[in-house]
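First the structure, in the form of structure tokens, and then the observations on it.
Bear in mind these aren't lab numbers, they're just calculated from the coordinates by the rules spelled out. As the structure is a computational prediction, the values presented were derived from the model and not from experiment. All Cβ positions, even for glycine, are placed from backbone atoms using ideal geometry, and neighbour counts span all protein chains on display.
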Amino acid sequence: MSSNNECRLYLITPPVLPENFADLLAAALDAGDVAAVQLRLKDVPDAVLQKTIEKFRPIVQSRDVAFLINDRPDLAVKLGCDGAHVGQTDMKAPAARKILKDLTLGVTCHGSRHLAMQAGEDGADYVAFGAFYPTTTKAPPEMADIETLRWWAQVMEVPCVVIGGITAENCAPLVQAGADFLAVVGAVWSHPSGPAAGVKQMLQAIASANPA
């Protein structure tokens, strides 16, 4: 998962997957360009997580979209995923890098330049900054500063994902500051007209914000 200097969309699954999520996921991915889908399920047994991965991975990968797992590099390798994303309280990045080998590794860095630089040294393929806006998905330990994003984009080669309360209405400053990927949850899955409309609206907003 790399950036070509054009900001792209990165979907994170909702905290609770609805019964018809397979259909919603397919519709979202068919609505326009999506770089990656991260399956983020907390506190579920391994058997449930494995079954969920096996159900949704083909839907994502068949559309040439990267399928990443939150927290579990071991399952990412075992079940044919494209990579894994680890937080600061999950497995340490060097250990995750060792397990994933050449698969994609993303690392949460909150608003910290130090953590982001450390993640880059540890072999992260992308760093994630956030939250930039208030979010109901999870409580961030701190808010991220757009200046940090701008600095990273200008100085560092490692792509960055931005996350936290991002919508079509508020994403322009993040795109213009140099974000490589916008990670969204509610803006797509809770869109009043459905996930496909959410993807289209986000892509239009990204296109409008992209520097000419």
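About the Cα centre of region 1-99, what is the dipole size in debye to 20, counting +1 per Lys and Arg Cβ and -1 per Asp and Glu Cβ, all else neutral? If you can, show how the numbers build up before the last one.
Numbers: 12 positive and 13 negative charges, 76 e Å.
Here the size comes out at about 360 debye.
Extending 7 Å from the Cα toward the beta-carbon at both E54 and K101 defines two label points whose distance is 2.2 nm.
List the relative contact order of region 97-156 as a percent without decimals, with contacts defined as Cα pairs under 8 Å and 6+ residues apart. Value for region 97-156: 33 percent. Full extension of the chain between A207 and K92 gives 37.9 nm of extra length, using 0.36 nm per residue less the Cα-Cα distance.
What translational diffusion coefficient, in µm²/s and rounded to a whole number, does the Stokes-Einstein relation yield for region 8-209 at 20 °C and a viscosity of 1.002 mPa s, taking the hydrodynamic radius as the Kirkwood radius over Cα pairs? Roughly 127 µm²/s, to the nearest whole number. Set the Förster distance to 41 Å, then compute FRET efficiency between S190 and V77 from the Cβ-Cβ distance, nearest 0.05. So the FRET efficiency works out to roughly 0.80. Less than 5 angstrom separates the built amide H of G111 from those of G130, all sequence-distant by 5 or more or on a different chain.
With both labels modelled 7 Å from their Cα along Cα-to-Cβ, the T136 to H114 distance reads 3.5 nm.
Computed per residue of the chain from DSSP H runs no shorter than four, each worth -39500 (n - 2.57), the mean residue ellipticity at 222 nm is -11500 deg cm²/dmol. Each of S208, S190 was scored by other Cβ atoms within 10 Å of its Cβ. Arranged with the fewest first, they read S208, S190.
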